[in-house]
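A.B. asks: If you scroll down you'll find the structure; I have some questions about it.
Every read-out reported here was derived from the displayed coordinates using simple, explicitly stated rules and does not represent laboratory data. This structure is a prediction, so every number in the text was calculated from the model and none was measured.
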Amino acid sequence: MGRDGGVRSTGAELLAREAPRFRHALMLLDFHGCGREHESPLTLEATLDGQLQEVWGERAKSLVIFPEVDVWLWGADNALRESLHWSHDAPIRDWLRARGFEFDVDGKPRQPKEAIQLICRAQKLARSSALYERITSRISLQNCTDPAFARLREQLSAWFGV
């Protein structure tokens, strides 16, 4: 409830009620829109981890994704092109640059959700969980270098093995 700000403010409390029922808990939120943008994502994550550990100990982890989870969609141009049925001559990233989008050093848009929204409008597609599933099913996670994703992979490996 309350989106990313709600997860930040009440997520640990909500998960505390569920601790007897589950072996592990994972609390994810986007940094953008969480209401604590004056902190660093890792500082916020450490604060949330501390809240979780009061009840869960090492059985719970928070992940703050910078800037937001939509950044994970930008792993491969061919996956995006196929999943979005890209019909323009220009490559997707060039098309976005021409519309004012900036990219980080890894070639991911600084506003990943807004970039997907614009592409969906241009392609007359609904931005939906089905679309996200179609994109992510075509992306190799082996080469993902996103720091939050690396922490997720590390935590899942610690809990469940490789």
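A.B. asks: Would you compute, from DSSP H runs of 4+ residues alone, the mean residue ellipticity of the chain at 222 nm, taking -39500 (n - 2.57) per run and dividing by the full residue count, rounded to the nearest 500?
C.D. replies: Numbers: 7 runs with 79 residues, N = 162.
Per the formula, -15000 deg cm²/dmol.
A.B. asks: I would also like to ask the following. For the stretch 70-136, what are Rg and Dmax over the alpha carbons, in angstrom?
C.D. replies: 10.8, 29
A.B. asks: Of 66, 149, 22, which is the most mobile in a GNM of the chain whose springs link Cα atoms less than 10 angstrom apart?
C.D. replies: Fluctuation is largest for 22.
A.B. asks: Pairing the Cα long axis of helix 147-160 with the longest principal axis of the chain, what angle in degrees results, from 0 to 90 and rounded to the nearest 10?
C.D. replies: That helix lies at roughly 50 degrees to the long axis.
A.B. asks: Under the √(5λ) rule applied to the eigenvalues of the Cα gyration tensor, what semi-axes describe the equivalent ellipsoid of the chain? Give them in Å, descending. Each step should come with its number before you reach the end.
C.D. replies: Values: eigenvalues 204, 57, 41 Å².
The answer is 32, 17, 14 Å, longest axis first.
A.B. asks: Largest first and to the nearest Å, give the Cα extent of the stretch 3-66 along each principal axis.
C.D. replies: Its Cα atoms span 33, 19, 15 Å along the three principal axes.
A.B. asks: Taking amide H positions as placed 1.01 Å from N in the peptide plane, with prolines and chain starts having none, which residues 5 or more places from residue 60, or on another chain, fall under 5 Å of its amide H?
C.D. replies: Under 5 Å from the amide H of residue 60 lie the amide H atoms of 25, each far enough along the sequence or on another chain.
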